[in-house]
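Below: one structure, written as structure tokens.
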Amino acid sequence: MIRTDRHEAIRQAMNRKMETKEAKAVYERRKVIAEPPFGQIKNSGFRGFSVRGKEKVAGEFSLVCSAYNFKKIVKSVSTGSIRLEEAKRLKMAA
């Protein structure tokens, strides 16, 4: 016997919605824009918050995001994708 819960109708409606071309297009963009950073943060070892409370969690998440961004900058500079001399020259010209 297969049983469902009271939310089965909602799940089925979402499944139908996700089969539309519009929903697939939205999720294609989401896959490129939003998901990779969160996956990379989780793969680097961050799995949960160490503090309680909305403000403290926001602070911890900001720290995690800052570390993620700093790692990306360091990698870009070390691989030559970003040249610091060029950035300084452009800043002086502005």
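The values are calculated or read from the model by the stated rules, or taken from the named source; none is laboratory data. Just so you know, these numbers come straight off a predicted model, no measurement behind them. Please note: Cβ atoms are built from the backbone with ideal geometry, for glycine as well, and neighbour counts cover all protein chains shown. Note: areas computed on protein heavy atoms with side chains; ligands, DNA, RNA excluded. Shrake-Rupley method; radii C 1.70, N 1.55, O 1.52, S 1.80 Å.
Solvent exposure of the chain, expressed per residue, is 94 Å² of accessible area, with all protein chains present and a 1.4 angstrom probe. One entry in (i) 17.9; (ii) 12.7; (iii) 17.3 is Kirkwood radius over Cα pairs in Å calculated from the shown coordinates; its label is (i).
Projected label points at ALA34 and LEU90, each 7 Å from Cα along the beta carbon direction, are separated by 2.8 nanometres.
The length gained by stretching the chain between ILE82 and ASP5 to full extension, at 0.36 nm per residue less their Cα-Cα distance, is 22.4 nm.
Could you tell me what percent of the accessible area of the chain is made up of carbon and sulfur, with a 1.4 Å probe and every protein chain present? Show your work: numbers first, answer last.
On the way: 5260 of 8810 Å².
Whole-percent figure for carbon plus sulfur exposure: 60.
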